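Trainee: One structure follows; several queries about it will come next.
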């Protein structure tokens, strides 16, 4: 059976990591093994990633992957081993920032910034508020004033064993399964372009394809190109020119090129890159409109945020509404849970209800 | 057009070995969160560890989305983020409520529930 990585190396590295994490969890002892444990854990995980880099050959990810992965996992280790909750939260922010870097390497620009703004900016600040509300400020640098539940972990060995067993099973199965994934149906990330006609037309406008007959650039006018059909798979568009008189220069040259004539002497010649986009000879239809097949400029791509937005709104509208409702209900629930109950005497309740409380004669 | 720019524009499918790298990091992050959730006794740190597990899952979804050239992975992460925000709001309200009653963040203090 084909593996990405030899199972012996994989499980050995995971076992070393597990020993390190078990040692690094907080405990009360005369000899504190925490720094040593953190080192062993880092060696285990770092060794695993180094071996992966060696087996990957030319397919290995970019150098920044290793930097961000190291920061993300190291910070995650400190989140679970630091005895002070506030430092755990700060290390968690560091871990989030490094994950955002990994997202960027995966071409998910929108999620990168959403993650930083929502997670590091909003959720973690809420955590910090609650930590400050519910934890006493440290009096000195040492850990003597820590609460007992912060200073001592519960069952570090069993917990680490369970967690790293999950890790070993996951990575072991993935190592067998990932090489057998079917190849992706290559879509080039351009499906979104079919839904962005204005963007495509603007791109044609920028290369000068929709230039006026007298060489004068028209301001971009979607009305002059009607009924456009975009095929994002072949990256070609069928432009239906409603008013062909405005595209005489382009049409004349397209016809000349189709006949194999040299158009370089033409004073109004389209730029070579614009002319190269015209695929076939323009066809005049019975109603006077002209159909011309053109390819997309090479630089025209749907941006990540456009694809994600179309997928989110177009593909999952109901889920989006439900997410909104869940957030609203969570807010109501938080208000109901965290409010303070104030016990009033019967007379005060009666007074408050009739509005006679206060005013100096209570 | 510079090489870097054309690399950004022409998205090519990711190699499976590269995918495996990201999945190992995501699984390790999930496992660290799991270890922390089971072994730490401070309620706030436990909830931080659940967020760490969300992060691991999110990284796997984005990596698979990149592998299949499909933006659904990113959309799922948006929903995971939403649920994480809702969960954080409720969990922290509970923490405040429990802290007010016993002045301790220890989960062991709440080992026995009385109706």
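Trainee: For segment A:53-92, which residues satisfy the criterion of being closer than 21 Å to residue B:56 by Cβ and in contact (Cβ under 8 Å) with a residue 60 or more places away in the chain?
Mentor: Hits for segment A:53-92 are A:81, A:85.
Trainee: Shifting gears a bit: Can you tell me which residue in segment A:7-38 is nearest to residue A:72 (Cα to Cα), limited to those that are out of contact with any helix residue (DSSP H, G or I) (no Cβ under 7 Å at 6 or more places or on another chain) and more than 14 Å from chain B (Cβ to nearest Cβ)?
Mentor: Taking the candidates together, the pick is A:35.
Trainee: Hey, another quick one. Of all residues in segment A:20-52, which are touching a residue at least 60 places away in the same chain (Cβ under 8 Å) and surrounded by fewer than 19 Cβ atoms within 10 Å (Cβ to Cβ)?
Mentor: A:27, A:28
Trainee: What's the total number of residues in segment B:59-73 that are in contact (Cβ under 8 Å) with a residue 40 or more places away in the chain and more than 8 Å from chain A (Cβ to nearest Cβ)?
Mentor: Looking only at that region, the number is 1.
Trainee: What tally of residues in segment A:53-69 results from selecting those that are facing chain B (nearest Cβ under 10 Å), surrounded by fewer than 17 Cβ atoms within 10 Å (Cβ to Cβ) and over 18 Å from the mean Cα position of the chain (by Cα)?
Mentor: The total comes to 5.
Trainee: Right, here's the next one. Quick one: how many residues across segment B:1-32 are part of a helix (DSSP H, G or I), at pLDDT below 80 and under 20 Å from residue A:4 (Cα atoms)?
Mentor: 2
Trainee: Search segment A:299-309 for residues being assigned to a loop (DSSP other than H, G, I, E, B) and surrounded by 14 or more Cβ atoms within 10 Å (Cβ to Cβ), and hand back the single one that is modelled with the highest pLDDT.
Mentor: Only one residue fits best here, namely A:303.
Trainee: Being at the interface with chain B (Cβ under 7 Å from one of its Cβ atoms) and part of a helix (DSSP H, G or I) narrows it down to one of A:100, A:72, A:153, so name that one.
Mentor: A:72
Trainee: Can you tell me which of A:134, A:108 is facing chain B (nearest Cβ under 9 Å), crowded, with 19+ Cβ neighbours inside 10 Å and under 19 Å from residue A:61 (Cβ atoms)?
Mentor: A:108
Trainee: Suppose we filter segment A:4-19 for residues that are crowded, with 17+ Cβ neighbours inside 10 Å and either modelled with pLDDT under 85 or in contact with a strand residue (DSSP E or B) (Cβ under 8 Å, 6 or more places away or on another chain) (or both); how many remain?
Mentor: Looking only at that region, the number is 2.
Trainee: To continue, here is another question. Output yes when any residue across segment B:56-72 is closer than 21 Å to residue A:135 by Cβ and in a helix (DSSP H, G or I), and no when none is. Please lay out each step first, then the result.
Mentor: Filtering segment B:56-72 down to residues closer than 21 Å to residue A:135 by Cβ leaves none.
No, the conditions are met nowhere in segment B:56-72.
Trainee: In this structure, does residue A:288 turn out to be in a loop (DSSP other than H, G, I, E, B) and loosely packed, with under 13 Cβ neighbours inside 10 Å? Let's see the steps before the verdict.
Mentor: On the way: in a loop (DSSP other than H, G, I, E, B): yes; loosely packed, with under 13 Cβ neighbours inside 10 Å: yes.
When the stated conditions are applied, residue A:288 passes them.
Trainee: Look through segment A:310-343, keep the residues that are loosely packed, with under 12 Cβ neighbours inside 10 Å and not in a helix (DSSP H, G or I), and return whichever of them is farthest from the chain's Cα centre (by Cα).
Mentor: A:343
The values are calculated or read from the model by the stated rules, or taken from the named source; none is laboratory data. Please read all numbers here as calculations on a predicted model, not as lab measurements. Cβ sites come from the backbone with ideal geometry, for glycine too, and all protein chains shown count toward neighbours.
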